[in-house]
Amino acid sequence: MICSIFSHSPVYRTGGDEFVVVMHGRDYLIRNELVLALHDRSVANIGSNSVVVSGGLSDYQPGMDASFHEVFERADALMYEEKKLLKSMGSITREDAEVAVNPLFPADEPGIPTK
């Protein structure tokens, strides 16, 4: 889903289920529209067992940012705000889905108290 929306920019996996898109060219020029497209597709996918992706966008600010890390941290904070919003709309996180499928202490397992 990320690669199809940001089709003219490199997408990097930074770990687990986190990705970074370094936008340039056409994608950079329409970056706000692309982030909105990611949000809209995720909202449409809520409740349909389809992928829901949270995104955050931040631009490099000359004179303010000393490194890429500062830009990344702002985008990451915005991504977590988006994740909270999507969760409030009914999306589930990967962690929620894993617990639902394989709980650590299932109530129906013999020998494990339910209280």
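Quick notes on this structure:
- Remark: PHE6, PHE68 ranked as PHE68, PHE6, counting other beta-carbon atoms within 10 Å and listing the fewest first.
- Using the Cβ-Cβ distance between VAL99 and LEU29 with R0 set to 35 Å, the FRET efficiency works out to roughly 0.30.
- Cα-based Rg / Dmax (Å) for the stretch 1-46: 10.8, 31
- Potential lengthening of the chain between ASP65 and LEU36 amounts to 8.0 nm, from the contour at 0.36 nm per residue minus the alpha-carbon distance.
- The base-10 log of I(q)/I(0) for the chain, evaluated at q = 0.14, 0.24 Å⁻¹, reads -0.67, -1.46 [Debye formula, identical scatterers on Cα atoms, solvent excluded].
- For the options ALA100, ALA37, ALA75, a Gaussian network treatment of the chain with springs between C-alpha atoms closer than 10 Å singles out ALA100 as fluctuating the most.
- Length gained on full extension, HIS8 to PHE72: 21.1 nm, using 0.36 nm per residue less the C-alpha separation.
Values quoted throughout were computed directly from the atomic coordinates according to the rules given, and no laboratory measurement underlies them. What you see is a predicted model; the values in this text were computed from it and never measured. Backbone-built Cβ (ideal geometry, glycine too); neighbour counts: all protein chains shown.
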